[in-house]
Amino acid sequence: MSTERPESDTSRATADRSARRAVTVFPALVLAAGALGLLLPGGFSGWGESVPYLLGVVMFCMGITMTPQDFRGVVRRPWAVALGLVAHYVIMPGLGWVIAHLLQLPPQLAAGVILVGCAPSGTASNVVTYLARGDVALSVSVATVSTLVAPLVTPPLTLLLAGEYLPVDADSMVTDILKTVLLPVVAGLAVRLLAGRLVERALPALPWLSAVTIGVIVTVVVAGSADAIKSAALLVFVAVVLHNGLGLALGYGAGRLSRMGEPASRAMAFEVGMQNSGLAASLATAHFSPLAALPAAVFSVWHNISGALAAAWLSRRAR
């Protein structure tokens, strides 16, 4: 859900409004999706194999919103993007490992929390940064690079931090991320470059397509572990709230300590604290179990709620 918009002012304004509405409605949509999976788990049995393909749709939508401007931002401020990237892949994986130990999570849940921390930036982080009056260009650049390097970073980090809980096939995970993340993003970018005018017309619908698709992913993941949710939901919720809240705070603090300025610090908060939980859910389902995907499903709901609240507060402070 990048906030980089088409060239015309009318298209840009329409896409901005659509993105803001999608982010506002998204938590309710995902809550409803989770409730559906919990109440009717049998209706989604056998859907687990569709999760990687659904994630591919989300990442294609992300790629199709990208423009060459996103990559020029990386070249213009490489040190700021590098700082955001390091903060993201150090703070969130480390927090996941610490929280798993502090809460003494069972192996499946511990691996799931750590995997969420090792995922790239969340697809809604750009829009939330925009709503918070943060540095959107920096947010887009960090999100873009964190997604592109995920095949090289996420598997070894997961092996390093979650390997003590469950066996981790890092090589297979690299292949899965390439297929479900990198290839769809590149394909979306190619479509944007080759059919820019047609894409401009579709841009307002893309945040909604992403939101609905992530909702389906959450439904499938929750349905696959419906029985376990009743006993583990509170523990997982506590872990997710701590993970996300500390990530937002430490990301903002990293920006302030680096003297990046207030808007850039706000971007850092959301680029660190908001994760691509759809990818984490897909990987957890494929490599661990539906129960290990539960933290990602809960994170998908909560980080959008907390992100929207934090954005509203920061925006009010800016005024």
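The values are calculated or read from the model by the stated rules, or taken from the named source; none is laboratory data. Keep in mind that what you see is a predicted model, and the values were worked out from it rather than measured. Every residue, glycine among them, receives a Cβ derived from its backbone with ideal geometry; neighbour counts consider all protein chains shown. Ligands, DNA and RNA are stripped out before the accessible areas are found, and what is left, the full protein with its side chains, is counted by its heavy atoms. Shrake-Rupley method; radii C 1.70, N 1.55, O 1.52, S 1.80 Å.
Side notes on the structure shown:
- Nitroxide proxy distance, nm - points 7 Å out along Cα→Cβ at V191 and A32: 2.4 nm
- Helix 262-273 axis, angle to the chain major axis (alpha carbon atoms, nearest 10°): 30 degrees
- Degrees separating the helix 107-118 axis from the principal Cα axis of the chain, which is the longest one: 10 degrees
- Cα-centred dipole magnitude for the chain, charges only on beta-carbon of K, R (+1) and D, E (-1), debye, nearest 20: 1140 debye
- Ranking by accessible area, most exposed first, for Y89, Y165 with a 1.4 Å probe: Y165, Y89
- Full extension of the segment from I305 to L183, taken as 0.36 nm per residue of separation minus the current Cα-Cα distance, would add 41.0 nm.
- Computing FRET efficiency as 1/(1 + (r/R0)^6) for A249 and V25, where r is the C-beta to C-beta distance and R0 is 30 Å, gives about 0.70.
- Under a 5 Å amide H cut-off, with hydrogens placed 1.01 Å from N, Q275 pairs with G122 among residues at least 5 apart or on other chains.
- Spin-label model, L234/T175: points 7 Å from Cα along the beta carbon direction are separated by 4.2 nm.
- Among the protein heavy atoms, those of E164 account for about 110 Å² of accessible surface (1.4 Å probe, every chain in place).
- Computing Kirkwood radius over Cα pairs in Å directly from the structure and comparing it against [x] 19.0; [y] 20.1; [z] 26.1 singles out [x].
- Structure-based [θ]222 nm, the chain - -39500 (n - 2.57) summed over DSSP H runs of at least 4, per residue, nearest 500: -26000 deg cm²/dmol
- Annotation for region 276-308 versus region 57-89: alpha-carbon center distance of 22 Å.
- Cβ-derived FRET efficiency at R0 30 Å, D227 paired with R259, nearest 0.05: 0.05
- Centroid-to-centroid separation of region 228-274 and region 113-135 [C-alpha atoms, Å]: 9 Å
- Accessible heavy-atom area order of F60, F270, highest first, probe of 1.4 Å: F60, F270
- Pair Q104, Y53: separation of 7 Å Cα→Cβ label points (nm): 4.4 nm
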